[in-house]
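J.: Can you read through this structure? Questions will come right after.
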Amino acid sequence: MKRWFKRSLFGIAGAALLAGSLAGCGGHRHGWSGSEQDRAEFRARMVERVGSKLELDAAQKQRLTVLAEKLQAQRAALRGGGDPRAEFRSLFAGAKLDQARAKQLVDDKTAAVQAGSPEVIAAAADFFDNLNPAQQQKVRDFMDRPRWGRRG
């Protein structure tokens with residue numbers, strides 16, 4: 001076979017492999033991002049999973065549910081009403097970066113964090129403070145565990 005033909009064949013195979021990988025990874029997984037029903041189901045699964053690992057009682061599970069709801073509300077406030085990626089891309093749409101809009105976007109996100117943080121902190125404290133020492137240690141161990149994609 002001619003050299004250019006081999007290279008072309010490998011290039012096409014590589015491009016097909018890359019396209020297939022991207023298509024497979026690009027599926028939407030819902031979780032925190034789906035419809036309200038999807039988010040509620042995700043929260044319930046998360047509470048059950050964490051509850052079983054930490055051996056939570058009913059009151060502790062209720063506190064964890066409140067924490068999950070506060071986190072979801074904070075995430076929704078940060079996300080805003082539109083598509084955050086589209087907002088970010090719009091900053092680069094013109095010949096120059098829209099600095100005023102970029103600053104406004106940062107200010108909006110900062111205000112959302114400041115507005116919702118006290119409720120999230122209170123819910124996290126209520127949950128963590130009502131765990132027994134063994135459960136608290138399991139939470140600490142989980143946070144210390146290295147995870148894929150996490151650096152440092």
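The values are calculated or read from the model by the stated rules, or taken from the named source; none is laboratory data. Given the structure is predicted, the values throughout are model-derived calculations rather than measurements. Glycine gets a Cβ as well: all are built from the backbone with ideal geometry, and neighbour counts include every protein chain shown.
J.: Here are ALA115, ALA95: which of them is of a type outside the set (Lys, Arg), closer than 24 Å to PHE128 by Cα and surrounded by fewer than 14 Cβ atoms within 10 Å (Cβ to Cβ)? If you could, list the steps in order and put the result at the bottom.
T.: Details: ALA95 fails: closer than 24 Å to PHE128 by Cα.
Every option except ALA115 fails the conditions.
J.: Further question: Given the structure, is ASP126 assigned to a helix (DSSP H, G or I), closer than 21 Å to GLN60 by Cβ and modelled with pLDDT under 90?
T.: So ASP126 fails the test.
J.: Let me ask something else. Tell me which residues, restricted to region 49-65, are within 16 Å of LYS138 (Cβ to Cβ) and without any contact (Cβ under 8 Å) to a residue 60 or more places away in the chain. Steps first, please.
T.: First, pick out the residues of region 49-65 that are within 16 Å of LYS138 (Cβ to Cβ): 49-57, 60-61, 63-64.
Correct list: ARG49, VAL50, GLY51, SER52, ASP57, LYS61.
J.: Out of (1) touching a helix residue (DSSP H, G or I) at 6+ places or on another chain (Cβ under 8 Å); (2) surrounded by 13 or more Cβ atoms within 10 Å (Cβ to Cβ), what's the single condition that is false for PHE88?
T.: Here PHE88 clears every test but (2).
J.: Sticking with this structure for a sec: Going by the structure shown, is LEU71 surrounded by 14 or more Cβ atoms within 10 Å (Cβ to Cβ), part of a loop (DSSP other than H, G, I, E, B), touching a residue at least 24 places away in the same chain (Cβ under 8 Å) and of a type in the set (A, V, I, L, M, F, W, C)? Please lay out each step first, then the result.
T.: Details: surrounded by 14 or more Cβ atoms within 10 Å (Cβ to Cβ): yes; part of a loop (DSSP other than H, G, I, E, B): no; touching a residue at least 24 places away in the same chain (Cβ under 8 Å): yes; of a type in the set (A, V, I, L, M, F, W, C): yes.
No.
J.: Return the only residue of GLN99, GLN60, GLN74, GLN114 being touching a Ser or Thr at 6+ places or on another chain (Cβ under 9 Å) and not charged (D, E, K, R). Don't jump to the end; show me each part of the working.
T.: Values: GLN99 fails: touching a Ser or Thr at 6+ places or on another chain (Cβ under 9 Å); GLN60 fails: touching a Ser or Thr at 6+ places or on another chain (Cβ under 9 Å); GLN114 fails: touching a Ser or Thr at 6+ places or on another chain (Cβ under 9 Å).
Unique residue meeting the criteria: GLN74.
J.: With the requirement that a residue be over 20 Å from ALA134 (Cα atoms), surrounded by 17 or more Cβ atoms within 10 Å (Cβ to Cβ) and among the charged types (D, E, K, R), what does region 41-68 give you?
T.: Listed by number, the list holds a single entry, ARG43.
J.: Taking only pairs six or more apart or across chains, which ones have beta-carbon atoms under 6 Å, a first residue in region 115-126 that is touching a residue at least 12 places away in the same chain (Cβ under 8 Å), and a second residue that is among the aliphatic types (A, V, I, L, M) and surrounded by 13 or more Cβ atoms within 10 Å (Cβ to Cβ)?
T.: GLY116/ALA77; ALA123/VAL66; ALA123/LEU67; ALA124/LEU67
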